[in-house]
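Data first, discussion second: the structure below is written as structure tokens.
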Amino acid sequence: MSSLRVVEIFTSIQGESSFMGLPFQFVRLSGCNLRCTWCDTPESYTGPETHMTVEEILCILNSVSLNHVCVTGGEPLLQRACINLLDSLVGCGFTVTLETNGSLDISPVPECVHRIMDIKCPSSGMAASFCMDNLSCLTSRDEIKFVIGDAGDYAYARQFFLDHLSAFTGPVFVSPVLNLIDPEHLAKWVLCDKLPLRIQVQLHKLIRCK
Ligand code: SF4
């Protein structure tokens, strides 16, 4: 029986993506292969973890009457059993999102899962981490997020969008790092460029309801 290393399972408001604002159940898996300078979830790779089977996780999720589940980290795809978990969640009828840092192959993720994928910008210190092969398997169900810490990050995201994502039909978000950049500056840059980038302020940082 496959088991996963789990940091926490909790219910909250989804703070990001096109699902922003909806009540969700979250499964935070342990471990991350990156170390972003502005990481806001270091507990995902430094905190205590619990070993749980897929069945034990499902038992907790099924006890809550909420159909939306987000599997997040850290980097969930580091754990091979993550795919088993995603398959089981889809099989149980949940609407499932997966938050991934973009550095690992996303192609094994079940088709019904909404993949919310980061593309790391220079201020994260991890801009070289993105797995470019992931671009070829994107569908309109997927969503892309650039976390923007400074003007250089926005320039990077803008160029990446023009070079690789102009044909992508899913949403592309630019999200300011809280307390590092004024969201109004980001809004002005997006308005100036008139590109179909969506500004996203992390709702879960404004409304703490975990
Ligand atoms: S990928 Fe996510 S969890 Fe990992 S270091 Fe970066 S922000 Fe933190």
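Laboratory data are not the source of any read-out in this text; all were calculated from the coordinates shown. The shown structure was predicted, so the numbers you read here are calculated from the model rather than taken from an experiment. So basically every Cβ, Gly included, is an ideal-geometry build from the backbone, and we count neighbours across all protein chains shown.
Quick look at the values:
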quantity	calculated
Added length on full extension, which subtracts the Cα-Cα distance from 0.36 nm per residue, K205 to D133	22.7 nm
Debye equation applied to the C-alpha atoms of the range 77-210, log10 I(q)/I(0) at 0.12, 0.15, 0.20 Å⁻¹	-0.50, -0.77, -1.23
Sorted largest first, extent of the range 1-140 alpha carbons per principal axis (Å)	42, 35, 33
Gain on full stretching of the segment that runs from L162 to D193 - 0.36 nm per residue minus C-alpha separation	10.1 nm
For the chain, share of DSSP beta bridges that run antiparallel, in % to the nearest 5	35
Cα centre as origin, Lys/Arg/Asp/Glu Cβ charges: the chain dipole, Debye	300
From phi via Karplus (6.51, -1.76, 1.60), per-residue ³J(HN,Hα) for the range 204-210 in Hz, x at Gly/Pro	6, 8, 8, 10, 8, 9, 7
The range 29-47-the range 132-210 distance, computed between alpha-carbon centres (Å)	21
Sorted peptide list for 95-107, 172-184, 68-80, 192-204, criterion being average Cβ within 10 angstrom, highest first	68-80, 95-107, 172-184, 192-204
Paramagnetic label zone (point 7 Å from Cα along Cα-to-C-beta, L180; backbone N under 19 Å) in the range 5-44	15-17, 32-44
Derived scalar couplings ³J(HN,Hα) [the range 146-151; Karplus, 6.51 cos²θ - 1.76 cosθ + 1.60; whole Hz; x for Gly, Pro]	10, 8, 10, x, 6, 4
